[in-house]
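This is the structure, below, for whatever I ask next.
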């Protein structure tokens, strides 16, 4: 796998953003020089608290310096602007330790000006593609139960996640937490014969 690539199925061509047509590039790697801009963007959304931002920074540095050997993966969405590339979203996920082929989505963030344009769904689709490439069976995540998390829960449900009512020792929700799971299914083989 190359360090940086554009996934054709995940490129949202001709998105109209602020009256301009632009291309969104989804890449599955992060470099040290991209970390500050990603974290600045995440901080402006208000979606992550200080603890989550610190955890995201730790994961980002780990991914940037360890590459394929990193415990987690960052997937980011960027656009070209007259001032250069600009991050507009990212997610971070990893295989769960001691629970082979099961993954956790740690966080997903899309800049407010770029929400509701399919950026988050493109990031989720790329994460699912990578997890399936690694033989993944399920992706879990935890979010809050409160009203402030309602949009997040609707987003996850629209992207194929369902509330998980059976708790696993690897995934017991925190107080006021909700566990979601997405079962990964391989794409139908168009060349199958009966």
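Read-outs throughout are calculated quantities, based only on the coordinates presented, and are distinct from any laboratory measurement. Quantities reported herein were computed from a predicted structural model and do not represent experimental measurements.
Relative contact order, percent, of region 8-183 when contacts are C-alpha pairs under 8 Å separated by at least 6 residues? Don't skip to the end; give the middle numbers.
Values: 284 pairs, mean separation 31.3, N = 176.
Value for region 8-183: 18 percent.
Taking only the Cα atoms of region 8-183, how large is their convex hull per residue, in Å³? Mind showing how you got there, number by number?
Values: hull volume 21.3 nm³, N = 176.
Once divided by residue count, the hull of region 8-183 is 121 Å³.
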